[in-house]
1. Under 18 Å from a point 7 Å along the Cα-to-Cβ line of ARG61: which residues of segment 127-146 have their amide N that close?
2. Taking each full run of DSSP H in the chain as one helix, which ones are at least 30 Å long along their axis (Cα atoms) and have mean Kyte-Doolittle hydropathy of at least -0.5?
3. Sorting SER14, SER106 on the 10 Å Cβ count, fewest up front, what's the list?
4. Could you size up the charge dipole of the chain around its Cα centre, putting +1 on the beta carbon of Lys and Arg and -1 on that of Asp and Glu, and report it in debye to the nearest 20?
5. Quote the FRET efficiency, to the nearest 0.05, computed for MET70 versus LEU43 with a Förster distance R0 of 35 Å and r equal to the Cβ-Cβ distance.
6. Once the convex hull of the C-alpha atoms of segment 12-62 is built, how many Å³ does it hold per residue, rounded to a whole number?
7. Where Rh denotes the Kirkwood radius from the mean inverse Cα pair distance, what is Rg over Rh for segment 2-146?
8. Charges on Cβ only, +1 for Lys and Arg, -1 for Asp and Glu, centred on the Cα centroid of the chain; of ALA133, GLY105, MET70, which one is farthest towards the dipole's positive end?
Amino acid sequence: MMLYLKSAIFAVISQGVFAVLVPLLLAGDRSVWAGPAAAAAGLLFALGVAVYARCAWDFVRFGRGTPAPMDAPRQLVTRGLYRYVRNPMYLAVLAIIAGWAVLFGSVAVAIYGVAIFAFLSLSLRFYEEPRLARQFGDEYAEYCERVGRWLPRRRNP
């Protein structure tokens, strides 16, 4: 139960800053676009929150850890959404940021989302993936062969 609580606290603090506070500050004039834009933004928010919550749950349940780097999963999580892409949690955050960009019609928030994607891509390539390869060895290498970093791979029948 404590891992679930730690995971929830980390999500509220970290994603509250990166996926909510920064986009709101960047949006400037927070005039909300109505109609289809608001519906699309709502869909992106709902999808992002649901995916993030599921991934955090899977980290606790299957990995015996949390999304927090100081309490990371002790076992490689390859179930749930992680069987389709290696970074669904990051995609969830990007969906939330995209939702803000659409809701406010904000180019600044869209650029922020692109910058976050670039940062995550570099961070994954040069820090997180090498660390996971050292920690999980062949299991992680096989997982990378089967599952794409950002997009699902076509499965052979």
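1. none
2. Details: long enough: 36-63 (39 Å, 1.20).
Those that pass (Cα extent of 30 Å or more, hydropathy at least -0.5) are 36-63.
3. Values: SER14 14, SER106 22.
Going from sparsest to densest Cβ surroundings: SER14, SER106.
4. Details: 17 positive and 9 negative charges, 81 e Å.
In total the dipole reaches around 380 debye.
5. Numbers: r = 33 Å, r/R0 = 0.94.
Calculated transfer efficiency: 0.60.
6. Values: hull volume 3.2 nm³, N = 51.
Spread over its residues, the Cα hull of segment 12-62 gives 64 Å³ apiece.
7. On the way: Rg = 16.2 Å, Rh = 16.1 Å.
Radius of gyration relative to Kirkwood radius: 1.01.
8. ALA133
Throughout, read-outs are computed from the coordinates displayed, never taken from laboratory work. Predicted model, so just to flag it, every value in this text is computed and none were measured. Ideal geometry is used to build each Cβ from the backbone, glycine not excepted, and the neighbour counts take in all protein chains shown.
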